[in-house]
Amino acid sequence: MPSDNFYQKVYEVARKIPYGRVTSYGAIAKAIGAAKSARMVGYAMNGAAAMQDVPAHRVVNRNGLLTGKHHFSGTHLMQQLLESEGVMVEDDKVQNFKTSFWDPMCDC
DNA sequence: TCCGTGACAGTGT
DNA sequence: AACACTGCCACGG
(Lines give C-alpha, C1' and ligand atoms only; values in the text may rest on other atoms or scores of the structure.)
Protein backbone atom coordinates (compact mmCIF):
# COMPACT_ATOMS: atom_id res chain seq x y z
CA MET A 1 0.00 0.00 0.00
CA PRO A 2 1.03 3.65 -0.41
CA SER A 3 2.06 3.84 3.22
CA ASP A 4 4.78 1.37 2.29
CA ASN A 5 6.19 4.08 0.09
CA PHE A 6 7.58 5.81 3.14
CA TYR A 7 9.28 2.68 4.36
CA GLN A 8 10.40 1.89 0.84
CA LYS A 9 12.13 5.25 0.60
CA VAL A 10 13.82 4.77 3.93
CA TYR A 11 15.00 1.33 2.91
CA GLU A 12 16.22 2.64 -0.40
CA VAL A 13 18.37 5.30 1.21
CA ALA A 14 19.60 3.05 3.99
CA ARG A 15 20.60 0.49 1.39
CA LYS A 16 22.83 3.12 -0.23
CA ILE A 17 24.89 3.53 2.90
CA PRO A 18 28.44 2.52 1.93
CA TYR A 19 30.39 -0.09 3.83
CA GLY A 20 32.15 1.26 6.89
CA ARG A 21 30.03 4.38 6.93
CA VAL A 22 27.20 5.63 9.12
CA THR A 23 24.44 8.20 8.84
CA SER A 24 21.79 9.81 10.98
CA TYR A 25 18.03 9.41 10.98
CA GLY A 26 17.57 13.09 10.31
CA ALA A 27 19.80 12.90 7.23
CA ILE A 28 17.77 10.02 5.84
CA ALA A 29 14.53 11.75 6.70
CA LYS A 30 15.71 14.81 4.85
CA ALA A 31 16.84 12.71 1.91
CA ILE A 32 13.40 11.20 1.52
CA GLY A 33 11.76 14.58 1.94
CA ALA A 34 10.47 14.04 5.46
CA ALA A 35 12.97 16.00 7.50
CA LYS A 36 10.38 16.44 10.22
CA SER A 37 9.79 12.73 10.43
CA ALA A 38 13.16 11.58 11.66
CA ARG A 39 11.35 9.52 14.27
CA MET A 40 9.48 7.71 11.56
CA VAL A 41 12.80 6.80 9.99
CA GLY A 42 13.77 5.03 13.16
CA TYR A 43 10.39 3.38 13.27
CA ALA A 44 10.83 2.22 9.71
CA MET A 45 14.28 0.95 10.60
CA ASN A 46 12.59 -1.36 13.03
CA GLY A 47 11.28 -3.30 10.08
CA ALA A 48 14.46 -2.68 8.14
CA ALA A 49 16.45 -4.52 10.77
CA ALA A 50 14.75 -7.67 9.60
CA MET A 51 15.83 -6.95 6.06
CA GLN A 52 19.34 -8.00 5.11
CA ASP A 53 19.29 -5.49 2.29
CA VAL A 54 18.96 -2.67 4.77
CA PRO A 55 21.97 -2.22 7.06
CA ALA A 56 20.05 -0.57 9.87
CA HIS A 57 23.10 -0.93 12.11
CA ARG A 58 24.74 1.82 10.07
CA VAL A 59 22.03 4.25 11.06
CA VAL A 60 22.47 6.17 14.28
CA ASN A 61 21.12 9.37 15.75
CA ARG A 62 22.73 12.74 15.06
CA ASN A 63 24.83 12.28 18.17
CA GLY A 64 26.41 9.15 16.74
CA LEU A 65 24.83 7.18 19.55
CA LEU A 66 23.64 3.64 18.86
CA THR A 67 20.20 4.32 20.24
CA GLY A 68 18.66 1.45 18.32
CA LYS A 69 21.09 -1.23 19.45
CA HIS A 70 18.50 -2.33 21.95
CA HIS A 71 16.31 -3.44 19.08
CA PHE A 72 18.92 -5.77 17.68
CA SER A 73 19.18 -9.41 18.59
CA GLY A 74 22.31 -9.10 20.66
CA THR A 75 23.00 -6.26 23.02
CA HIS A 76 26.22 -5.42 21.24
CA LEU A 77 25.39 -6.86 17.85
CA MET A 78 25.02 -3.44 16.30
CA GLN A 79 28.31 -2.27 17.78
CA GLN A 80 30.00 -5.48 16.74
CA LEU A 81 28.81 -5.07 13.17
CA LEU A 82 30.01 -1.49 12.98
CA GLU A 83 33.38 -2.35 14.46
CA SER A 84 33.54 -5.22 12.04
CA GLU A 85 33.17 -2.75 9.22
CA GLY A 86 35.97 -0.57 10.51
CA VAL A 87 33.81 1.93 12.36
CA MET A 88 35.23 2.66 15.76
CA VAL A 89 32.53 2.32 18.37
CA GLU A 90 32.95 2.88 22.08
CA ASP A 91 30.31 2.76 24.76
CA ASP A 92 27.55 2.43 22.16
CA LYS A 93 28.81 5.59 20.56
CA VAL A 94 30.42 6.01 17.12
CA GLN A 95 33.89 7.52 17.34
CA ASN A 96 35.00 9.84 14.54
CA PHE A 97 31.32 10.16 13.75
CA LYS A 98 32.03 13.32 11.84
CA THR A 99 34.48 11.47 9.59
CA SER A 100 32.50 8.26 9.35
CA PHE A 101 29.32 10.15 8.66
CA TRP A 102 27.86 9.67 5.20
CA ASP A 103 25.35 12.08 3.76
CA PRO A 104 22.74 10.29 1.59
CA MET A 105 22.10 13.51 -0.28
CA CYS A 106 25.80 14.14 -0.99
CA ASP A 107 26.19 10.72 -2.51
CA CYS A 108 29.67 11.58 -3.76
C1' DT B 1 -12.22 7.21 15.09
C1' DC B 2 -9.36 8.65 19.03
C1' DC B 3 -5.26 7.97 22.11
C1' DG B 4 -0.71 6.54 23.17
C1' DT B 5 3.84 5.35 21.76
C1' DG B 6 8.53 6.00 19.73
C1' DA B 7 15.73 3.48 16.77
C1' DC B 8 14.96 11.82 16.53
C1' DA B 9 15.91 16.62 16.26
C1' DG B 10 15.64 21.41 17.42
C1' DT B 11 15.10 25.15 20.68
C1' DG B 12 14.89 27.18 25.25
C1' DT B 13 16.49 27.77 30.06
C1' DA C 1 27.73 23.09 28.59
C1' DA C 2 23.95 20.15 30.29
C1' DC C 3 19.09 19.24 30.99
C1' DA C 4 14.10 19.65 29.83
C1' DC C 5 10.34 20.46 26.77
C1' DT C 6 8.08 20.54 22.44
C1' DG C 7 7.15 19.29 17.52
C1' DC C 8 6.81 15.82 14.16
C1' DC C 9 4.28 11.83 11.76
C1' DA C 10 3.17 6.85 11.10
C1' DC C 11 1.46 2.61 13.34
C1' DG C 12 -0.97 -0.34 16.79
C1' DG C 13 -4.68 -1.03 20.10
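The values are calculated or read from the model by the stated rules, or taken from the named source; none is laboratory data. Quick caveat: nothing in here was measured; it's all calculated off a predicted structure. Using ideal geometry, Cβ is built from the backbone for each residue, glycine included, and neighbour counts are taken over all protein chains shown. All accessible areas refer to the heavy atoms of the entire protein, side chains included, with ligands and DNA or RNA removed. Shrake-Rupley method; radii C 1.70, N 1.55, O 1.52, S 1.80 Å.
List of remarks:
- Accessible carbon and sulfur surface of segment A:3-100 relative to its total accessible area, %, 1.4 Å: 48 percent
- Mean Cα-pair separation over length for segment A:3-100, i.e. relative contact order, pairs under 8 Å, 6 or more apart, %: 26 percent
- Inter-label distance for residue A:84 and residue A:62, nm, one decimal - labels placed 7 Å from Cα along Cα-to-Cβ: 3.1 nm
- Protein-only accessible surface order, largest first, of A:39, A:15 at 1.4 Å: A:39, A:15
- Residue-normalised accessible area of segment A:3-100, given per residue in Å² at a 1.4 Å probe: 59 Å²
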